[in-house]
Every structure is written in C-alpha cells, then in structure tokens.
Amino acid sequence: MATTVQNIIKKYNKDKTRLMDILIDVQSDQGYISKESISKIAAELDISHVDVEQTMSFYHFFSDKPTGKYAIYLNDSAVSNMMGRQKVKETLEKETGIAFGQVTRDGLIGLFDTSCIGMNDQEPAALINGHVFNNLTPFRVKEIIRDIKEGKPVEQMYTSAYGDGENRNVLVKTVVQNNIQKKGPILSEDYIPGIVIWKKLPQMTPEQVIEEVKKSNMRGRGGAGFPTGLKWEFCRKAKGEKKYIFCNADEGEPGTFKDRVILTERPKLLFEGMVIAAYAVGADEGIAYVRHEYKYLKNYLENLLQGARERNLLGKNIGGIEGFDFDIRIQFGAGAYVCGEESALIESAEGKRGEPRDRPPFPVEKGYLDMPTVVNNVETLCSVVKVILNGGEWYSKFGTKDSSGTKLLSISGDCKYPGVYEVEWGFSVSDMLEMVGADEENIQAVQVGGPSGSLIGPDEFDRTLCFADLATGGSLIIIGNHRDLLTDIVLNFTEFFVEESCGSCSTCRNIPYLMKLKLEKILDARGVPQDLKDLEEWGKILKFSRCGLGQTAGNPILSSLRNFRHLYEGKIQMDKEYDSEFDMSQAVKASCEAAGRVPILN
Amino acid sequence: MSTLVNFKIDGVDCLAEAGIYLVEAAAENGIYIPTLCNIQGVKPRGACRICTVMVNGRPMTACTTPVTMGMEIQNDTPEINDIRKAIIEVLFVEGNHFCPSCEKSGCCELQALAYRFRVMVPRFPFLFPRREVDASNPKIIKDHNRCILCKRCIRAIKTEDGKNIFAYKKRGIELEIIIDPELGGKITDELAQKSVDICPVGALLPREKAYQVPIGRRKYDIEPIGIEDEKK
Ligand SMILES: Cc1cc2nc3c(=O)[nH]c(=O)nc-3n(C[C@H](O)[C@H](O)[C@H](O)COP(=O)(O)O)c2cc1C
Ligand code: SF4
Ligand code: SF4
Ligand code: FES
Ligand code: FES
C-alpha cells in the first residue's frame with residue numbers, strides 16, 4: 001500500500017500543485033485516504049499534514065474511511081426525486097441491509113447521497129465506482145446488488161446496450177444517453193476537426209481573432225454572460241510570463257448536462273476552441289477542468305488529445321504557425337459545485353480547496369499560479385470555432401440583438417422528450433414547452449437556470465430566453481401540476497446550497513441553513529406570517545457573500561415567495577401573530593414519560 | 001512614487017494613496033469601516049463580510065478592495081449597518097458564546113462589535129451546535145464553540161519555512177479549524193502567543209494563563225471598538 005501511494009506521488013513529480021490528482025488516484029486505488037497516506041503525501045510534497053487534510057476534506061468524493069469495494073453514489077437532485085429516487089433508495093437499503101452513509105460489515109458495498117451528477121434526462125441515476133447507471137428502478141437495483149454479491153466487475157454489470165453516439169466508443173462504453181433533440185451550428189455534424197487551425201489561424205493575427213470574436217457579440221455561456229472577446233483582450237494585454245486557458249467543464253448546476261453531451265460528441269470542437277483562445281491571448285498551456293462525475297470519459301478524452309498532438313493540432317508550432325506552442329491537460333475535480341466558479345476552479349486546479357478568491361484581481365490578470373488566465377465555458381469555446389470559421393458577422397445573425405448565437409439547453413422534468421436542444425436565443429418558455437412535449441395546462445412551474453436561477457409560473461411563460469430577460473446557463477426543469485413545489489423543488493434546492501457552500505463567508509455558510517430550518521418549520525405547518533417576512537429579509541443578507549453561490553443561494557425560496565406565495569400562505573397559521581418557537585409538549589415529553597403523567601398544556 | 005486618488009465615502013471627499021485597501025484608506029480619512037477577519041499586514045481574506053460597502057452601487061469587501069480614482073462608496077447607511085448587525089448576530093447563533101465565562105471577554109472583537117451595533121437579541125434562532133474543545137496541543141487550547149472561522153490564524157501563523165500550522169477542515173456549516181498535529185506540537189512560545197493574540201475571539205487560548213488583566217480594565221472596557229479610527 002505504501003508503495004502504491006509512493007508511486008502515485010512520483011507520477012506527479014512530487015508537485016504540490018497536483019495534490020488533487022494524487023488524492024484522486026489514492027482514493028480510487030484504495031477506496032479511501034488513510035491517515036498514513038496523508039502523512040506520506042505531506043512528507044513527500046513537503047507540506048504540512050493539515051494542508052493535505054484541508055484539501056481532502058473539502059471534496060465530496062474523498063473519504064477518510066473506506067467507502068466499500070463497490071461505492072454507490074445515488075443522485076439526490078430534485079429531478080431524480082421526481083423520477084422515483086425514493087423507491088430506488090429504499091430498495092438499495094433493503095437489499096444491502098444498510099442505511100445511506102454506511103458501508104456493509106464485509107466492506108463490500110457503501111451507499112452515499114450525491115448532488116446532481118449531470119444525468120437529469122435519465123434519472124434516477126447513480127455512480128458505482130465511477131460508472132454511470134441510469135434509469136434505475138427497484139428491479140434494476142436488485143439485479144445490480146445480486147451482481148455485486150456475485151463479485152462481477154462493474155463494467156460487466158450493464159445489461160442494456162450502451163448509449164447512443166460516442167457513448168459506445170470502446171474507450172467510453174457507457175449506458176449514458178446523449179438525447180440530442182435538436183441540433184444547430186455547434187452540434188451539427190458538419191464540422192471538419194482542425195479546419196480553423198489549418199486554414200484560418202495562419203492567416204490571422206491574434207488581434208484579428210479577438211476582433212472577430214468581438215464582432216460576433218458572443219457572450220460567455222457559463223452563466224455570467226461576460227463578453228468573450230473582451231475577456232480575451234484583457235488577458236492578452238495583461239502582463240505575465242505565462243498565460244493559461246481554462247475550459248470550465250465542471251457543470252455542477254443541478255439540471256444542466258449539455259456540457260457532458262459536448263464532451264462526448266464534440267470534444268474535438270472544444271479542444272480546437274481552446275487552441276484558438278490560446279492563439280488569441282498568447283497562452284501556451286491549457287487545462288480542461290472536468291467534474292469528477294464525468295471521469296468515465298477520461299481515457300476517451302486523453303486519447304483524443306494524443307491524436308491531436310500527433311496531427312500537430314497541439315504541441316509545437318501548431319498548424320505550422322512558427323512559435324505557436326500549446327498543450328492541454330485534463331484536470332478532474334472531486335465533487336464540489338462551487339469549483340465551477342472560475343476562481344475556485346483555479347484554486348482547485350492548483351491542488352487546493354475550491355474556495356473562490358476575493359476579486360479584484362480577476363483571473364485575466366492573476367489566475368492560475370497567479371498568471372493571466374482565461375476561463376471559458378465548454379459551450380463558449382465551441383461557439384468560438386464557428387465564429388472564426390464563418391465570421392463574427394455570420395454568427396451575430398443568430399439569436400436576438402443583445403444575445404447572439406445559439407444556446408444549448410438541458411431540459412428535464414415533466415416532459416415527453418427531455419434532453420439537449422440547441423436553439424437560437426429569443427424563444428419563449430412556452431415555445432420550449434411545446435417543443436419538448438409538455439402540455440402547458442399540466443405544468444405549474446418551470447425552473448429556469450437551475451437552483452440559482454428563477455422559478456416561474458404560467459403567467460410568465462411568455463418571457464424569452466436571452467440575456468436581457470431570462471438569462472440562463474442553459475437548464476430548464478419542467479414541473480408538473482402534481483408535484484409538491486415547496487418540498488420537491490424549493491427545499492431540495494435550498495439543501496443543495498447548504499451542502500455545497502464552501503463555508504468561508506459567514507453569510508453563505510449560515511443564512512441558507514437558517515432559511516432551510518425556517519422553510520421546514522413552515523412545511524411542518526408551524527409557520528406564522530412573520531416567518532415569510534423573515535425569509536425575505538434574511539435573503540438580502542446573502543447579497544453580501546463573495547461569490548455567485550452565496551449571492552443566489554436564497555433564490556429558490558425568494559423566487560417562490562414572489563411567484564408562488566399562495567403555497568406558503570396555505571401552510572402557515574395566518575391568524576397567529578407571534579410564535580415563541582418553543583414547543584412545550586416536546587420540552588416536557590421526556591419528564592412526563594418518566595413520571596407517567598399526561599401534561600396539561602393550555 | 002505614490003499617487004494620490006480622490007474618492008468619496010458617504011458623500012465626504014477623501015484622499016488616499018492609490019491601491020491601498022479601502023479600510024485603510026477610510027481610516028486615514030477618519031472614517032471607520034467595521035472589520036472582523038481583517039488584520040493589518042496580513043493578506044486579507046474576505047471571510048466575515050462585515051466590512052462590505054457599496055462601491056458604485058455594488059457590494060464589495062473594503063478589506064480586500066483597493067481604492068481607485070473616483071470611487072463612490074457608501075458605508076454608514078441604515079441598510080448596510082443592518083446587514084452588518086445581522087452578520088454579527090449570525091456569528092453568535094452559529095457557535096456557543098457565553099461571554100461571562102469567556103477569558104477573552106472585554107478583549108473580544110466580536111463582543112465589542114455586538115456592543116457597537118447594539119445587538120440585543122439575535123433575529124435568528126440559536127443553533128446551539130455541539131462543538132468540541134481541543135486541548136491536545138501543549139500550548140494552545142482550541143475552543144471550536146467560539147471560533148468564527150475568520151482564518152486569521154491560518155493566514156498569520158506559519159512555521160519559519162512557511163508551512164501552515166492551522167487549516168480549515170470540511171466545508172459549509174461543518175467547517176472547522178484544525179491544528180497540525182506535528183507542527184502544532186512543536187510550536188514556539190512566541191508563535192503560540194501570537195496565535196492567541198491574533199484570534200479575535202476566545203477560540204484560541206493559552207494554557208495555564210488566564211485573567212492577567214482583570215475584567216473591567218480590558219481593551220474594549222476602556223474604549224469601544226472603532227473609536228481609534230474615528231479620532232484620526
Ligand atoms: C457557484 C458557481 C458555479 C459555477 N459553475 C459553472 C460551471 O459549472 N460551468 C461554467 O462554465 N461556469 C460556471 N460558473 C461561472 C464561472 O464562474 C465563469 O463565469 C464561467 O466559467 C466563465 O465562462 P464564460 O465566460 O465562457 O461563460 C459558475 C459560477 C458560480 C458562482
Ligand atoms: S458565497 Fe459561499 S461559496 Fe461563495 S465564497 Fe462565500 S461561502 Fe464560499
Ligand atoms: S481560531 Fe480564532 S483566529 Fe482562527 S479562525 Fe477561529 S476565530 Fe479566527
Ligand atoms: S473584515 Fe473584510 S470581510 Fe472580514
Ligand atoms: S466574549 Fe465573545 S467569544 Fe468570548
């Protein structure tokens with residue numbers, strides 16, 4: 001054991017900025033990270049024991065206790081619950097004889113909850129030792145547990161055919177489905193990998209590339225919508241011995257899965273986008289930060305990078321351009337939604353806790369290893385290839401005036417055709433509902449832009465998807481009339497933020513948790529009108545948080561209070577002004593039981 | 001050579017050296033911006049969020065934001081002060097602060113801010129979490145009940161070769177401070193004392209030493225927090 005840890009450390013040249021990779025390999029090799037492993041890593045990297053512990057304890061998929069020979073992580077997102085997670089969970093517990101959070105006595109199986117794994121269109125889904133199992137049913141769970149008990153390797157536990165497209169690639173072999181429902185310029189098959197690098201870049205200066213991107217009016221697809229050309233220009237002008245291009249493939253916002261589909265079907269387009277970005281800003285190193293849940297794509301993606309190197313699409317003098325050197329490595333995360341925030345992403349890639357940095361300075365000035373860094377979303381980088389191929393002007397004709405181009409939407413929930421849709425900006429929510437086979441009459445709400453976005457009702461279904469109205473990183477969750485909105489959606493999303501806060505802001509660490517307690521009180525029919533006012537007031541405190549996570553963590557409650565107030569009012573005691581929050585019967589329960597008396601409470 | 005910049009805090013014209021942090025720039029102009037996690041001379045980390053001001057209409061932490069020409073800053077407004085008060089309250093309810101039995105009482109910055117912001121009863125329910133006291137270190141007692149996770153100890157206390165002795169563990173509401181078993185065990189007297197002094201609350205206390213200054217004659221018993229800056 002000590003020797004494997006030793007070898008892993010050696011593989012990464014005892015480089016402390018590669019601590020994430022070291023921990024990922026130790027976790028996957030041994031099923032946990034022991035005290036001895038931590039000491040060994042600390043000694044070899046010449047950092048303190050607590051340094052290793054602080055990184056390790058931050059991430060959901062690192063464990064200081066054995067997680068079982070078969071570690072089962074069942075998705076706990078809202079849509080997973082809507083699609084029958086509870087029965088799957090119960091069956092797992094019954095078949096294994098343990099509760100969630102435990103490992104069987106013989107160390108064979110561990111059961112754990114996990115935040116959205118990016119499979120909302122094929123829920124309930126779980127990861128077993130990193131392999132995806134989708135569309136789970138109680139029957140399927142029984143088969144899986146039987147296979148495990150027979151000692152079958154995970155790869156042999158698939159019973160259905162592999163998924164569509166590249167999911168069948170020999171280097172992937174997964175049952176995951178792409179569910180591409182609508183294609184546009186990005187997802188179109190009409191693409192010759194490397195064409196921009198061979199034919200366009202050699203004719204253009206970096207400044208011309210930036211100019212073309214600016215002309216397209218392209219704005220970032222990761223959520224914040226920052227103009228891409230401007231970001232590149234800032235980075236190009238920033239001083240630094242080295243510059244870096246990051247692809248943000250952390251995709252952790254529950255309900256979003258379009259980047260997974262791009263990584264599977266158009267990875268060459270993505271890598272080409274990174275090369276273009278590198279040329280434009282003058283970077284020589286790129287890092288694609290991919291969420292841990294997509295690790296099943298590792299061999300596939302690394303093989304493509306190798307192929308690109310062999311074809312001179314990466315490496316030295318790329319595309320024959322003298323002096324243009326650039327290469328890409330893949331950095332996996334280990335389960336932390338906040339790492340999608342660009343500065344947290346950088347911290348994580350440096351081997352640290354995924355805590356967002358204080359800004360300014362921004363990554364374009366001081367990013368990875370304090371050098372100027374561009375962080376772009378997967379979809380942004382893909383779009384850029386088409387911009388350079390066909391011109392900024394061509395691109396700006398798609399979409400609306402302030403939102404040019406197309407957007408990949410991840411649509412899930414109560415509809416006939418969940419999946420990925422590439423549409424132009426500017427459609428209304430109603431248009432979308434029709435497209436995905438959801439009957440408006442049966443829909444009570446749509447969550448636009450994930451938990452940090454907004455929950456809207458039918459009176460707002462005519463609003464349009466664009467930066468000026470309903471901006472979105474790309475997810476729509478459709479919620480039918482038969483759902484319990486406050487419990488199934490609002491509570492679940494609030495719990496998600498509580499779970500995923502990095503904790504370093506006093507506000508974000510505590511306020512969502514306090515709001516969650518209050519929401520539970522209301523759902524428990526103990527609420528009074530003052531509680532609704534409190535929630536609104538407390539929500540404002542979150543605006544003082546450092547990053548977007550904390551700033552939006554109140555949104556599920558705040559936007560439902562705004563748009564679905566009647567649901568709250570139906571749960572509270574409207575006639576009661578005051579509530580001491582003290583439950584007398586609960587307080588005297590133990591003593592009454594001991595004394596054998598029945599309390600008189602009025 | 002340093003350049004001076006003009007900026008405004010609550011409509012008052014101010015002048016400071018470009019690039020210094022807003023808290024310092026304000027103090028130089030006799031204006032107090034409350035801080036809690038900040039310590040002069042150590043790289044800031046906007047952890048407590050109390051120093052938040054509105055810069056050109058957007059919330060920014062004054063301890064991490066450098067001053068630039070023409071900034072319009074709002075600091076002492078009812079809305080901002082109410083959120084600051086809420087932050088103080090939330091720090092009380094998330095831990096267990098029984099000030100009368102705390103060795104730091106009177107020197108505690110959290111307590112002093114609570115007085116300054118006139119905190120009577122917090123607007124949040126007390127969480128009464130179960131937290132442990134860690135007395136395994138030979139020189140420092142760490143009481144997680146009182147820790148406000150300000151990161152001062154992590155940022156300011158390092159070994160001679162720059163290694164961390166203190167660190168965060170876990171995340172979110174489970175976040176806590178840990179002390180390195182080995183490096184913490186070998187901590188010098190001087191560094192141990194520095195950690196105790198630097199902790200704004202009573203979460204890091206020295207062993208076998210207490211109440212050397214009697215209650216009533218302690219720092220904030222004599223002068224409330226913030227007065228120093230305002231006297232400039
Ligand atoms: C909590 C949080 C999570 C985020 N997650 C992602 C993500 O998964 N993918 C992403 O591209 N951007 C994410 N972002 C936005 C990034 O910070 C950043 O704005 C984006 O990657 C920039 O790329 P773009 O300009 O191409 O949009 C997140 C932001 C926050 C605050
Ligand atoms: S807002 Fe939350 S997640 Fe973001 S930095 Fe602050 S504590 Fe961390
Ligand atoms: S121990 Fe003290 S200095 Fe360290 S984080 Fe806690 S309150 Fe701050
Ligand atoms: S003093 Fe600025 S965030 Fe704490
Ligand atoms: S007096 Fe506040 S922590 Fe001790």
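The values are calculated or read from the model by the stated rules, or taken from the named source; none is laboratory data. Just so it is clear, the structure is predicted and the values come from calculations on it, not from any experiment. Every residue, glycine as well, gets a Cβ built from its backbone with ideal geometry; the counts of neighbours run over all protein chains shown. In case anyone asks, the SASA skips ligands and DNA or RNA and just uses the protein heavy atoms, side chains included. Shrake-Rupley method; radii C 1.70, N 1.55, O 1.52, S 1.80 Å.
A few comments on the model shown:
- Evaluation of A:Arg357 against (1) in contact with a Ser or Thr (Cβ under 7 Å, 6 or more places away or on another chain); (2) on the phi > 0 side of the Ramachandran plot (one fails), failing number: (2)
- When we screen A:Cys235, A:Cys247 for residues that are more than 21 Å from A:Val176 (Cα to Cα), over 20 Å from the mean Cα position of the chain (by Cα) and open to solvent by less than 10 Å² (accessible area, probe 1.4 Å), the only hit is A:Cys235.
- Residues located in region A:357-399, provided they are crowded, with 24+ Cβ neighbours inside 10 Å, over 23 Å from A:Ile195 (Cα atoms) and out of contact with any strand residue (DSSP E or B) (no Cβ under 7 Å at 6 or more places or on another chain): A:Pro372
Per-residue answers, yes or no, for (1) under 28 Å from A:Ser504 (Cβ atoms); (2) touching a helix residue (DSSP H, G or I) at 6+ places or on another chain (Cβ under 9 Å):
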site: B:Lys151; (1), (2): yes, no
site: B:Ala156; (1), (2): yes, yes
site: B:Tyr168; (1), (2): yes, yes
site: B:Ile222; (1), (2): no, no
site: B:Glu228; (1), (2): yes, yes
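- Residue match in region B:155-167 (condition: within 16 Å of ligand 4 (Cβ to nearest atom) and open to solvent by 30 Å² or more (accessible area, probe 1.4 Å)): yes
- Taken over region A:511-549, residues that are away from ligand 1 (no atom under 16 Å from the Cβ), open to solvent by less than 10 Å² (accessible area, probe 1.4 Å) and under 27 Å from the mean Cα position of the chain (by Cα) amount to 7.
- Looking at A:Ser559, A:Ser585, A:Ser580, just one residue is at pLDDT below 95, more than 16 Å from ligand 5 (Cβ to nearest atom), part of a helix (DSSP H, G or I) and of a type in the set (S, T, N, Q), and that residue is A:Ser585.
- Residues located in region B:149-202, provided they are out of contact with any Lys or Arg (no Cβ under 8 Å at 6 or more places or on another chain), within 12 Å of another protein chain (Cβ to nearest Cβ) and not in a loop (DSSP other than H, G, I, E, B): B:Cys153, B:Ile154, B:Lys158, B:Phe166, B:Ala167, B:Lys169, B:Glu174, B:Pro181, B:Glu182, B:Gly184, B:Gly185
Listed here are the residues, each with its yes/no results for (1) under 21 Å from A:Gly319 (Cα atoms); (2) assigned by TED's automatic domain parsing to the domain that holds A:Glu342; (3) among the acidic types (Asp, Glu).
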position	(1), (2), (3)
A:Ala238	no, yes, no
A:Ile245	yes, yes, no
A:Pro267	yes, yes, no
A:Gly273	yes, yes, no
A:Asp284	yes, yes, yes
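- Residues located in region B:5-19, provided they are under 16 Å from B:Asp229 (Cα atoms) and open to solvent by less than 50 Å² (accessible area, probe 1.4 Å): B:Ile9, B:Cys14, B:Ala16
- Complete set of residues in region A:334-353 that are part of a loop (DSSP other than H, G, I, E, B) and under 13 Å from A:Gly252 (Cα atoms): A:Ala334, A:Gly335, A:Ala336, A:Glu341
- Of all residues in region B:53-103 being of a type in the set (Asp, Glu) and not in a helix (DSSP H, G or I), the one that is nearest to B:Pro200 (Cα to Cα): B:Glu103
- The residues listed here are A:Glu499, A:Glu440; of these, the one that is under 22 Å from the mean Cα position of the chain (by Cα) and not aliphatic (A, V, I, L, M) is A:Glu499.
- Output for region B:35-59, where each listed residue is buried (at least 23 other Cβ atoms within 10 Å of the Cβ), more than 7 Å from chain A (Cβ to nearest Cβ) and of a type in the set (A, V, I, L, M, F, W, C): B:Leu36, B:Cys37, B:Ile50, B:Cys51, B:Val53
- Residue in region A:381-399 that is more than 16 Å from ligand 2 (Cβ to nearest atom), of a type in the set (Asp, Glu) and more than 14 Å from chain B (Cβ to nearest Cβ) present: yes
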